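Let me begin by presenting the structure, written as structure tokens, before commenting on it.
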Amino acid sequence: MADVITFYTLAALILIFGLLVVTTRNTVHSVLFLVADFLAVAMLYASMNSLFVAAIQVLVYAGGIVVLYLFVVMLVNLKRPPEEVRDPARQTGLGGVLAGVVLAELALIAVANALDPPATDAASSTAGLTEQVGLALYTDYLIPFEVASVLLLVAMVGAIVLARREL
Amino acid sequence: MTSTHYLVLSAALFMIGVFGVVTRRNIVIIFMSIELMLNAVNINLIAFSLQWGNSLGQVFTIFVIAVAAAEAAVGLGIILALYRNKETINIDEMNVMKW
Amino acid sequence: MTTDVRPMFDTDELVINMGPQHPSTHGVLRVVLRLDGERVVGSDVVIGYLHRGIEKLCESRDWTQIVLLTDRMDYVAAATNNIGYCQTVEKLMSIEVPRRARYVRTIMAELQRIASHCLWLGTHAMDIGAMTVFLYAFRERELILDLFEEYCGARLTYNSMRIGGLPLDLPPGWDRKVLGFCDVMEQKLVEYEELLTNNRIWLERTKGIGVIPAEEAVAIGLSGPPLRGSGVQRDIRKDEPYAAYDEMRFEVPIGKACDTYDRYLVRLEEFRQSVRIIRQAVEGLPEGPIVGKVPRLIKPPAGETYHAIESPKGELGYFIAADGKSTAPYRFRVRPPSFCNLQALPRLIQGHLVADVVALIGSIDVVLGEVDR
Amino acid sequence: MMVDQVVIPALKILIVLNAVLVGVTFMVLLERKVIAWTQARLGPMRVGPYGVLQPIADVVKLMTKEDITPVKADRWVFSVAPLIALIPALIVFAVIPFGPEVSLFGRQVALYITDLNVGLLYVVSVASIGVYGIILAGWASNSKFPLLASLRASAQLISYEVAVTMTLVSMIVSAGTLSMVGIVNAQESQQVWYLFVQPLAFFIFFVGGLAETNRAPFDMPEAEQELTGGFHTEYSGMRFALFFLAEYANMIVVSAVATTLFLGGWLRPFPNVAALSFLDLVPAWCWFLAKTFVFLYIFLWVRATLPRYRYDQLMRLGWKVLIPLAIANVVVSGLVKVLL
């Protein structure tokens, strides 16, 4: 019971904050909602017994990446959003089509789900354990892990080069 | 909770991200929408990881987060460089490759 | 903030208004900074917020009343201002000042130098974030204020000199108290130095900051510790002795690196030399009259003169023109050291960071009462 | 069941929260007193004997002051920013172990709110949220000095977080666990405080902690002599007070985490020396509080003694000294762990 309430509350928060991110006029507010959204997602992870990922989500996403966004927003100043010239016909049409497709898909899943309810989760208590994640990360996935670190290094160098004044 | 719940939530969040990318003209907001979509993917991964009792889903989530960090750093660098040159962050004004 | 269409924070320059209400501009100095990030690319020093028209006011007061007005210029070294003015008038009227009065003037000037430097050290250190030195320095300044209070009854604006000599003789036992203060001061100087001189952060904050080479310092017209910090051996007390300085033995410290740290070292050494001078003056204090032969009505002959003394902040000069008819100066003009030293500020802060701006304002030691007059 | 799962945690949260808030208020008094004594002054003496009631007077004053919002400020963000600064500082206390499990009224009660198996990571990640309060406060004020300050603050916090997190990695290598309780237990079983195992990590953590809490000599974001108070220039009344609550709460957090990681948390000195077992008469949580107090005192002592670093020097220290040192420390810790 408690987990149902948790899920629906968090799901509602995630969707509401997500919507606010993409609809708010003021970009700084948008960034704030993005932080809130990420925190809600982190709580969802925690409720799914994945504490490690939850902590990483907060640390990297909310505490790191979004600060970068905030920086950029403050640097390029979005007090007067460049928004207002848009091309309504094309975008709304495309958005409508996309929304229709996804809604149809969701409806399909819901119907299929109602007809043939899947078995509940194996609910393996070990799945979320940090040790498991660490083991997988440092044994089977060692090479991807190292590649990811090289990617981060390259990205760091690239970002510095791009953001340099005399480009 | 079944994994379907998580999948529906993830699909909805993904859709919001797509909505943002398609309708907003502000390049920073578009980037943030992409982050939302990446989060939706992560929710999926974790949900499956939970369903199958396998921690690999979480490993991939960590990779996705790493990639997202790299993407944000480079992407925001590009935005800054563009802003310096064009004084705008409206992507409709950035549709030429050369100026 | 205005609501104009310029972005609030773009990647270009940011104009920021430091002062006149700012904790580290030592009064009402206003510096308009143009910043690139935190780096100063241009600056504009705006003065005049404390202008009271003292020079003009002096032209409508008689000669003895002006002593009181000079107190209000450099209000942290009021006695020095008195001495400078009185000596100028004495020069104009060719009055011989008795030796005892000259000795007392020397003691006063040096006590005042220590007091002024205490205030400088405290605020300078405070600007750089070392808050404890501020209170230590004020503790010792308090002792000097007590000495002055005992002598003339006032603690800030002393009105402590008269044309031709002193208003009154020293209170009994005062000289011993001064010697006692000298002992205290020497001990406390060690305390200040322990907190700052070899402190790594202090060194990083002051070394190489605001370098101004000797030729440039002379060209700008710096004087006092900022000039000596740049390695120029110039001290009016030595070069053109007044009061009893020709009978005193002391050294004039100079810096080598021409930076904020050397200006700091120069002033710290001046503390020691001042203590040394005070000791000599008190020990050799002659007996005798305290006022020279001064006419009842002070009315200098027509003519003009310029006389400068070494105030704690630099060359304090008075130009006075008398018409020989009225009982007020015809023209009264002050060359205040703070004002002239302040000219170097835009040059000093160019290319430095915001944090250095406050350090540099502190390092040239301005008093706005003197700048604006 | 009900008592174990709801009532006791709720009580614990209530007690910890209140203790922290009261502690923070008296931290202000302590700071004023300690600095005053360093500077040959008396500090507050008027309210109550030796001024001990001064914090209460301060709170009353701040609560009754007018809350000013600048006209051009972003009202919404301006009001939320102090809370964003304060809340992360408070929720970190959820994983701070004040003591081991003790029996209280015939019931086993743990002297911590919860023991997460990623406790250390939780501390770091929650602490990384606190920076938003400062950035947003500076931005929302729509004023130049606060904006400069908030840019300084964010750059400073992000760069020092990297160094601090790196040192925590070497702590994890030593302890073999991420749980805060586990780290204390590891120190007990290895019979040594990690201060002596990882002195370099301790140093980096402490310097980084000073920088992350914006305390002297790294208090650039509020440097009143440069930026007239920095990010909270435009704040007044209770919102202003919230920033101070956050700053002092953060100091307590850093001290408590340092105690847990490096000084053996609630363990008495020399837990393995039987001759000193009379020290056990003092309850474990008292040892914890005493050690935390030592750190808090050092915070104040440093503030009274040292001048302030300059912004670029601070960044250079962080990136060019502390982070390489921290990484080297991780490598050496790993090597030692593998080889021994």
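A short reminder: the numbers here are calculations on the coordinates, not readings from a lab. A quick note: this is a predicted structure, and the numbers were derived from the prediction, not measured. When we count neighbours, we look across all protein chains shown, and the Cβ atoms used for this are built from the backbone with ideal geometry, even at glycine.
Starting with the highest mean, order D:12-23, C:254-265 by the number of other Cβ atoms within 10 Å, averaged over the residues of each peptide. Before the final figure, lay out each step's value.
Working: D:12-23: 14.9, C:254-265: 22.2.
Final packing ranking: C:254-265, D:12-23.
Taking the highest mean first, how do the peptides C:349-361, C:124-136, C:195-207, D:323-335 order by number of other beta carbon atoms within 10 angstrom per residue? Walk me through the numbers on the way to the answer.
Working: C:349-361: 22.8, C:124-136: 24.4, C:195-207: 18.2, D:323-335: 16.7.
Output ranking for C:349-361, C:124-136, C:195-207, D:323-335: C:124-136, C:349-361, C:195-207, D:323-335.
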What's the angle, to the nearest 10 degrees (0 to 90), between helix D:237-262's Cα axis and the longest principal axis of chain D?
20
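Using DSSP to call loops (not H, G, I, E or B), can you name the GluC sites (Glu not before Pro) in segment C:227-276 whose Cβ has at most 16 other Cβ atoms within 10 angstrom?
Values: sites: C:Glu247, C:Glu251, C:Glu269, C:Glu270; in loops: C:Glu251.
Qualifying residues, ordered by number: C:Glu251.
Can you work out the FRET efficiency for the pair A:Thr6 and D:Ala40, with r the C-beta to C-beta distance and R0 = 51 Å, to the nearest 0.05? All intermediate terms of the calculation are to be shown ahead of the outcome.
Values: r = 57 Å, r/R0 = 1.12.
The formula returns an efficiency of 0.35 here.
How do C:Phe319, B:Phe31 line up, fewest other C-beta atoms within 10 Å first? Can you show the working numbers first?
Working: C:Phe319 17, B:Phe31 22.
Fewest-to-most Cβ neighbours within 10 Å comes out as C:Phe319, B:Phe31.
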Between 0 and 90 degrees, rounded to the nearest ten: what's the tilt of helix D:75-91 against the longest Cα principal axis of chain D?
20
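Hand me the tally of lysine pairs in segment D:2-339: alpha carbons under 22 angstrom apart, and the pair either on different chains or 8 or more positions apart.
Details: D:Lys12/D:Lys291; D:Lys33/D:Lys61; D:Lys33/D:Lys291; D:Lys72/D:Lys144.
The number of close lysine pairs in segment D:2-339 is 4.
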Per residue of A:24-36, what is the mean number of Cβ atoms on other protein chains within 10 angstrom of that residue's Cβ?
4
Just to confirm the filter: which GluC sites (Glu not before Pro) across segment D:62-167 are DSSP coil and have at most 16 other Cβ within 10 angstrom of their Cβ?
D:Glu66
Whichever lysines have a C-alpha closer than 24 Å to that of C:Lys313, once near sequence neighbours (fewer than 8 apart) are set aside:
C:Lys56, C:Lys91, C:Lys188, C:Lys207, C:Lys238, C:Lys256
In deg cm²/dmol, rounded to 500, what helix-only [θ] at 222 nm does the protein assembly as shown give when every DSSP H run of at least 4 residues adds -39500 (n - 2.57) and the total is split over its residues?
-20000 deg cm²/dmol
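Can you divide the C-alpha Rg of the protein assembly as shown by 2.2 N^0.38 Å and report the result to two decimal places? All intermediate terms of the calculation are to be shown ahead of the outcome.
Working: Rg = 34.2 Å, N = 979, 2.2 N^0.38 = 30.1 Å.
Here the Cα radius of gyration is 1.13 times the empirical estimate.
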Quick one, what does Rg over Rh come out to for chain C if you take C-alpha atoms and the Kirkwood Rh?
0.99
Within 10 Å of each Cβ in peptide D:122-133, how many partner chain Cβ atoms are there on average? Round it to a whole number, please.
5
Gap separating the Cα centres of segment C:61-103 and segment D:1-68, nearest whole Å:
55
Output the 0 to 90 degree angle, nearest 10, between the alpha-carbon long axis of helix D:180-190 and the longest principal axis computed from the alpha carbons of chain D.
40
Once R0 is set to 25 Å, what does the formula 1/(1 + (r/R0)^6) return for the Cβ-Cβ distance between C:Glu215 and C:Glu240, expressed as a FRET efficiency to the nearest 0.05?
0.65
Here the whole-number average of other chain Cβ atoms within 10 Å per Cβ of C:118-131 is 4
